[in-house]
Amino acid sequence: MPDTAPSPHLPVRVPLATQELGIWKSLSAVRSNVLAVIPEVATRMPIVSGNTGKRWHMIMDPDAIRTMMLERLDNYPKSIVTKNLLRPAIGESLFIAEGSHWRWQRRTAAPVFTHRNMLTLAPVMTRAAERCAARLANSTGHAVNLLDEMVATTFDVIGEVTFSGDGTFDRAAVHSAIEDYISDAGKVSLLDILGAPDWVPRPGRMVSGKAMRHAKAMADRGIEARAAQGPSKIPDLLDLLLAGSDPETDRKMTTAELRDNLLTFIVAGHETTALSLAWSLYLVAFDPKVQDRAREEAQGVLQGRAATGDDVAALPYIRSIIDEALRLYPPAGMVSRTAMADDELCGQDIRKGDTCIIPIYALHRSHLLWDAPDTFDPDRFANRKEIKRYAYLPFGDGPRICIGASFALQEAVIILATLLARFRFEAVPGHAPDPVMILTLRPQGGVWLTVTPL
Ligand code: HEM
């Protein structure tokens, strides 16, 4: 009998399905946790196929995933459901567009995310880490929900690097419009992925459309004001994107295209990074030996100051904790594609129109690919070359790999190193989080830790 029960020796896990779920059970499972529809056998097999009103396949084989994400990219566009869900919020932006409309936007945005530009943005991350440390210093000896803290800290960063210095831009309003929209629309579309018939009641469709329209109008005004006033002294993501153009056609983004992409950066980049940090903190509290070793590294490098972009390369153990947190709790726990042509993957017939899911959560815990997959062991990443390509996909891969991966990793290392150098984090007994995926894989209930300044 496969074991997915909670264990004191293993960090928390999603209880994967051990029996085939009928359509009704799948629907009720998916409402509470999308990952609970992943069969446990997905951690032991290269492919699992089924039919819940729609034909679907879950693909856990690195070579087949490479085919989908690299070799036959155009045959496996992002699933219609994903696009329909996000389009009202972020338009035909980089995240959603396909074919030539995606290509020119990617070519235009790629230079924004160079290593040099990331280093220029690093002081924003250092200041956000300082502010977070100052808040935590006031909660000495108390249990703190580090999930909320990390969401506040990463929003601090993304707000600052998108619409910085614009007094008229209400970041909190944009933040809540996006959050509300995604959480309403997310519930709708997951039912659609599994092929629920149209008459199945969907929760509150599009209740937050008005707030989203307001947020877009505000973003447009912010972009136009910046375009008129010229770049800030230290260019942020908006300045860089305003200055960019497609190197092949010279095409520049319109205000609406700039806005959709900036909102995409906020949607795709802020909560995901907060989750990586919240899960990393949960894990170092779960394993105090790892925490001590990480603290030694951080204190040795930082000598009392907050981490900067230049410190990141000297903090490899902190980085491997984040890598391992992204393996055990990938914020994008599954991605899905729609097959545009008949194909064969892992010996299984794929028909045009089939939904092809890459359950990153199950891939990262596959017994075929990882030793003791449910164990927390940052040393797996001591030698990155040993990690099999397409077996580890927290940021996806191929041409549509996450454009913000180095931004997110730099931010996570700066914040985690700064906090570990200054505080001890201890688990609060009986308050382990529940890994629940709605659109992203969140620690439900929060990450409650006792924080002690050192
Ligand atoms: C730890 C944090 C992050 C994680 C785990 C993450 C994960 C992902 C994944 C898995 C994809 C590919 C989705 C697919 O193939 O279906 C993706 C794409 C994307 N991400 Fe991220 N992301 C993170 C941070 C960021 C940040 C900070 C930004 C921007 C500032 C960002 C912007 C994007 C964009 C624009 C795409 C679409 C790229 C394209 O299709 O060309 N992400 N991300």
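The values are calculated or read from the model by the stated rules, or taken from the named source; none is laboratory data. As the structure is a computational prediction, the values presented were derived from the model and not from experiment. All Cβ positions, glycine included, derive from the backbone under ideal geometry; neighbour counts span all protein chains shown.
What pairs come out if I take residues in region 239-254 that are over 19 Å from F265 (Cα atoms) and pair them with residues that are outside any helix (DSSP H, G or I) and not aliphatic (A, V, I, L, M) whose C-beta lies under 8 Å away, six or more apart or interchain?
Between residues of region 239-254 that are over 19 Å from F265 (Cα atoms) and residues that are outside any helix (DSSP H, G or I) and not aliphatic (A, V, I, L, M), the close pairs are R251/S245.
With S79, S139 as the choices, which residue is touching a strand residue (DSSP E or B) at 6+ places or on another chain (Cβ under 7 Å) and away from the ligand (no atom under 13 Å from the Cβ)? Even if it seems obvious, please write down each step before you answer.
Details: S79 fails: away from the ligand (no atom under 13 Å from the Cβ).
From the options S79, S139, the qualifying one is S139.
Kindly evaluate R337 against the criterion of being more than 30 Å from V48 (Cβ to Cβ) and surrounded by 20 or more Cβ atoms within 10 Å (Cβ to Cβ). Working first, answer last.
Details: more than 30 Å from V48 (Cβ to Cβ): no; surrounded by 20 or more Cβ atoms within 10 Å (Cβ to Cβ): yes.
Taking the combined requirement at face value, the residue does not satisfy it.
For a quick check of your reading of the model, give me the residue pairs whose first member lies in region 51-63 and is of a type outside the set (V, I, T), whose second is part of a helix (DSSP H, G or I), with beta-carbon atoms closer than 6 Å and at least 6 apart or on different chains.
M58/A42; M60/A42; M60/A362; M60/L363
If the Cβ limit is 8 Å and pairs must be 6+ apart or interchain, which residue in region 94-120 that is within 17 Å of D250 (Cα to Cα) and away from the ligand (no atom under 11 Å from the Cβ) pairs with which residue that is in a helix (DSSP H, G or I) and not aliphatic (A, V, I, L, M)?
Cβ pairs passing all conditions: P111/N117.
Looking at the structure I just gave you, is A152 within 14 Å of the ligand (Cβ to nearest atom) and assigned to a helix (DSSP H, G or I)?
Details: within 14 Å of the ligand (Cβ to nearest atom): no; assigned to a helix (DSSP H, G or I): yes.
Criteria not met by A152.
Would you mind telling me which numbered condition in (1) in contact with a Phe, Trp or Tyr (Cβ under 8 Å, 6 or more places away or on another chain); (2) buried (at least 22 other Cβ atoms within 10 Å of the Cβ); (3) among the basic types (K, R) R365 fails?
Of (1) in contact with a Phe, Trp or Tyr (Cβ under 8 Å, 6 or more places away or on another chain); (2) buried (at least 22 other Cβ atoms within 10 Å of the Cβ); (3) among the basic types (K, R), only one is false for R365: (1).
Might you check whether a residue that is more than 9 Å from the ligand (Cβ to nearest atom) and of a type in the set (A, V, I, L, M, F, W, C) occurs anywhere in region 403-413?
Yes, some residue in region 403-413 is more than 9 Å from the ligand (Cβ to nearest atom) and of a type in the set (A, V, I, L, M, F, W, C).
Scan region 333-350 residue by residue and report those that are of a type outside the set (A, V, I, L, M, F, W, C), out of contact with any His (no Cβ under 9 Å at 6 or more places or on another chain) and more than 16 Å from the ligand (Cβ to nearest atom).
Across region 333-350, the qualifying residues are D342, D343, E344, G347, D349.
Inside region 428-454, can you point out the residues that are of a type in the set (A, V, I, L, M, F, W, C) and at pLDDT 95 or above? Break it down into steps so the answer makes sense when it comes.
Filtering region 428-454 for residues of a type in the set (A, V, I, L, M, F, W, C) gives 428, 432, 436-439, 441, 447-449, 451, 454.
Those that are of a type in the set (A, V, I, L, M, F, W, C) and at pLDDT 95 or above: V447, W448, L449, V451.
Being under 22 Å from H364 (Cα atoms) and outside any loop (DSSP other than H, G, I, E, B) narrows it down to one of R380, R424, R389, so name that one.
Numbers: R424 fails: under 22 Å from H364 (Cα atoms); R389 fails: outside any loop (DSSP other than H, G, I, E, B).
Only one candidate qualifies: R380.
Just checking, does region 315-322 include any residue being in contact with a Lys or Arg (Cβ under 9 Å, 6 or more places away or on another chain), surrounded by 22 or more Cβ atoms within 10 Å (Cβ to Cβ) and at pLDDT 95 or above?
So in region 315-322, the residues in contact with a Lys or Arg (Cβ under 9 Å, 6 or more places away or on another chain) come out as 317, 320.
Of the ones still in play, those that are also surrounded by 22 or more Cβ atoms within 10 Å (Cβ to Cβ) are none.
Checked region 315-322: no residue is in contact with a Lys or Arg (Cβ under 9 Å, 6 or more places away or on another chain), surrounded by 22 or more Cβ atoms within 10 Å (Cβ to Cβ) and at pLDDT 95 or above.
Residues to consider are R424, R389, R400, R380; find the one that is out of contact with any Ser or Thr (no Cβ under 9 Å at 6 or more places or on another chain), among the charged types (D, E, K, R) and more than 12 Å from the ligand (Cβ to nearest atom).
Details: R424 fails: out of contact with any Ser or Thr (no Cβ under 9 Å at 6 or more places or on another chain); R400 fails: more than 12 Å from the ligand (Cβ to nearest atom); R380 fails: out of contact with any Ser or Thr (no Cβ under 9 Å at 6 or more places or on another chain).
Of the residues listed, the single one that is out of contact with any Ser or Thr (no Cβ under 9 Å at 6 or more places or on another chain), among the charged types (D, E, K, R) and more than 12 Å from the ligand (Cβ to nearest atom) is R389.
Given I59, I90, which one is within 16 Å of the ligand (Cβ to nearest atom) and farther than 30 Å from A256 by Cβ?
I59
For residues that are at pLDDT below 95, in a helix (DSSP H, G or I), buried (at least 19 other Cβ atoms within 10 Å of the Cβ) and β-branched (V, I, T), tally how many sit in region 77-111.
3
So which of L275, L345 ends up being in contact with a Phe, Trp or Tyr (Cβ under 8 Å, 6 or more places away or on another chain), among the aliphatic types (A, V, I, L, M) and under 30 Å from M58 (Cα atoms)?
Working: L345 fails: in contact with a Phe, Trp or Tyr (Cβ under 8 Å, 6 or more places away or on another chain).
Just a single option satisfies the conditions, and that option is L275.
Only one of D74, D61 is among the charged types (D, E, K, R), more than 20 Å from the chain's Cα centre (by Cα) and crowded, with 16+ Cβ neighbours inside 10 Å; which?
Values: D74 fails: crowded, with 16+ Cβ neighbours inside 10 Å.
Going through D74, D61 in turn, just one is among the charged types (D, E, K, R), more than 20 Å from the chain's Cα centre (by Cα) and crowded, with 16+ Cβ neighbours inside 10 Å: D61.
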